[in-house]
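The values are calculated or read from the model by the stated rules, or taken from the named source; none is laboratory data. As the structure is a prediction and not an experimental result, all values here were calculated from the model. In this analysis, Cβ positions are derived from the backbone assuming ideal geometry, glycine residues included, and neighbour counts consider all displayed protein chains. Please note that ligands, DNA and RNA were not included when accessible areas were found on the heavy atoms of the full protein model with its side chains. Shrake-Rupley method; radii C 1.70, N 1.55, O 1.52, S 1.80 Å.
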Amino acid sequence: MPNPTSPERPTSPAALWLAGCIVLGGLFFLAVELWYSYHQALQRAETDSANLSELLSQRINGTLIETDMLLQELSGHITAVPEQIHPNDPLLFLLDELLRNRQGRLGQIETLELVNRQGLVVSSTAERGRRVEHTDYFRRLKRGETRWLSTPNIESGQNRLLLARRLAPAPIPFQGLVSATIRPDSLHSLFGRLDIGGHSAIALTDPDARLVLRLPPAQRIEQGVVIPNATVLRQGSFPRMARLESPIDGVDRVFYFRKLDNYDLVVVVGLASTDYLASWRIKAGVYGLGALGLLALATVLLLVSLRDRQRAAALSQSEARLREREAQLRVALTAAPLPIALIRLDDNRISFANPAWEHQFGLSPGSAEGSPIGQCFVQPQDYHEAQRQDSPHDGVELTMRRRNGEEFIALASFARVKLNDGDRLLIGLNDISALKTLQQELRRQANTDPLTGLASRRYLLEMGEQAIKRQRRHGGALAVLMIDLDRFKTVNDRYGHGGGDEVLRRFARICHEQLRESDLIGRLGGEEFLALLPQTGLEGALSMAERLRLAVELQPVKLGPDTEIAVTISLGVALLQHGESLEKLLARADQALYAAKEEGRNRVVVWSSRLEKNAEPPAQDGGDLY
């Protein structure tokens, strides 16, 4: 800084031109970088919407395939369909029990129905006696279609997603059909597990733009109504992408449209610009502060060039203005809500840190300045790699360390800035540790049955497929135990669902005590459980099943000082055969479980070929069939 009492030295015009070029170049650089990062954010949004649509397509496909497999299984078991409904018909009673039993296996099913060839609902888990011969799915299946998915339609009065299948495929004469209505909340749960931002949306439609489901729910459009002005859904092939204003709520979004592989439905993922440009706007704000600093510097240089031949007091005033501008920049950085620090590149020490930075790292006010930046990084090479970058970059996920040694995960942005006393590396942080913890918790909840704490049905079946692949790759034995709590419906009727829930939880604790760490047990649905026993032969599986049966029998469930419930279980044991699929293995274990029920319950039965000849679909325990 010049001394006010020293002789004035006129500023060189070449130096002024150079300074002006530097300022303009810096502003141009910031503008280009913001333009580039904007398009990067848009590309990430397009990629994320495509990935989310693929994930949702797989989940919805899986739900529909599970439902279709259940309908296919029912159509194989039903050999006779009544022509009329007689109140005391034993066949109708058996059919009702069969439908209720199968409905309990899959949580996404709301209603199962059996329709005869005249279009009369002869058996249902909800209400029988309705006529459906006028419906689209009945007419299509009667004409020869094997399977048909019917979407909500406000004109026809249908407000649910319905999957129907012929009892016998063409050209066998039409005998009737079985249908399953999908619970809307089951699809809502698939959508609700995804973090898409506060202004983004996910929808499920048919190719004619008829709305099936939307998250968040549409305020002006009901299920089954055609979305107005949705020409992009009716034109072109799938998958495809478009950026437009939503015809439902007018929000600008990046949309990705993907048609399901096996069903006539379209998954629509729309990421709002408000969400995917949030980080870019923060970066634009930081760059805007840098641009203001450069403009302030340019203003000071202009004032100096105009008054450099005037009195020393004028020079002092202009220097005061410069200091004021720099103070304003410091105030702006200090007030920023996100942690921001400036790093000297010559010694890698902090030259400035705002209060948010000091709070994030547990530092006292003013103690950050002069400290080495490397101690803030768990891996110091992450900082050195960012230091070597010439162009700004953001969205870098790093692990940082507080002063007390605690670690946290942050999204970091790096940009080089030029100040009067040298280059600085500007670092901005956004702590995402809570988001990471939430993502891990969501994954845990998706794989765990909420009542018992055991593995969920979906996770259990996935692990079963992996266990079969490991057995085929490395050899060894694989056994499964199909387990059912005896007379569980009686427990629910006598002690209420609270008592039934306590029985299920107590059974889960006994399983944890008796099974090995390498074993996996999960809840298939209701009171039915499945245990996977890797590297276990017949003798070991039988011993484990008997030990588990005896432990349950000897440990009644206490609901109070004077209330005790005696609980027993029936188990079916099966060993994986060469080249066998998981579905067939579980079917054989189910046959053994059925035999254990037939022989009086509270016992273990090992599958043998004699059981296959007498295989019948097991009824829900607590029914009157056995």
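Values as computed for the structure displayed
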quantity: Test: residue in segment 145-154 that is assigned to a loop (DSSP other than H, G, I, E, B), at pLDDT below 85 and open to solvent by 40 Å² or more (accessible area, probe 1.4 Å); calculated: yes
quantity: Check on T437, open to solvent by less than 80 Å² (accessible area, probe 1.4 Å) and among the hydroxyl-bearing types (S, T, Y); calculated: no
quantity: Residue selected from segment 389-413 under the condition in a strand (DSSP E or B) and hydroxyl-bearing (S, T, Y), by the criterion surrounded by the fewest Cβ atoms within 10 Å (Cβ to Cβ); calculated: T399
quantity: Residue under evaluation A386, criteria (1) over 23 Å from Y36 (Cβ atoms); (2) open to solvent by less than 20 Å² (accessible area, probe 1.4 Å); (3) modelled with pLDDT under 80, criterion not met; calculated: (1)
quantity: Candidates G270, G290, filtered to the one that is at pLDDT below 85, more than 25 Å from A332 (Cα to Cα) and open to solvent by less than 40 Å² (accessible area, probe 1.4 Å); calculated: G270
quantity: Near pairs, Cβ below 7 angstrom, 6+ apart or cross-chain, from segment 350-375 (on the phi > 0 side of the Ramachandran plot) to any residue that is crowded, with 20+ Cβ neighbours inside 10 Å; calculated: G370/I350
quantity: Pairs with Cβ under 6 Å, 6+ apart, first in segment 515-541 and open to solvent by 40 Å² or more (accessible area, probe 1.4 Å), second aromatic (F, W, Y); calculated: R523/F529
quantity: Counted residues, segment 47-77 - those being more than 16 Å from T146 (Cα to Cα) and of a type outside the set (G, A, S); calculated: 14
quantity: Tally of residues being assigned to a helix (DSSP H, G or I) and touching a helix residue (DSSP H, G or I) at 6+ places or on another chain (Cβ under 9 Å) across segment 79-109; calculated: 4
quantity: Residue satisfying all of: in segment 575-587; open to solvent by 20 Å² or more (accessible area, probe 1.4 Å) and touching a Leu at 6+ places or on another chain (Cβ under 9 Å); farthest from Q535 (Cα to Cα) among these; calculated: L586
quantity: Only listed residue being outside any loop (DSSP other than H, G, I, E, B), of a type in the set (F, W, Y) and modelled with pLDDT under 75, chosen from F238, F257, F191; calculated: F191
quantity: Any chance Y263 is modelled with pLDDT of 75 or more, farther than 30 Å from A335 by Cβ, in a loop (DSSP other than H, G, I, E, B) and open to solvent by less than 40 Å² (accessible area, probe 1.4 Å); calculated: yes
quantity: A551 being farther than 23 Å from L585 by Cβ, free of Cβ contacts under 8 Å to residues at least 24 places away in the same chain and surrounded by fewer than 17 Cβ atoms within 10 Å (Cβ to Cβ); calculated: no
quantity: Residue count for segment 71-124, restricted to those that are among the aliphatic types (A, V, I, L, M), touching a residue at least 12 places away in the same chain (Cβ under 8 Å) and more than 26 Å from H188 (Cβ to Cβ); calculated: 11
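Per-residue answers, yes or no, for (1) charged (D, E, K, R); (2) under 36 Å from the mean Cα position of the chain (by Cα); (3) closer than 22 Å to T205 by Cα:
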position: I109; (1), (2), (3): no, yes, yes
position: L112; (1), (2), (3): no, yes, no
position: N116; (1), (2), (3): no, no, no
position: V121; (1), (2), (3): no, no, no
position: V132; (1), (2), (3): no, no, no
position: F138; (1), (2), (3): no, yes, yes
position: W148; (1), (2), (3): no, yes, yes
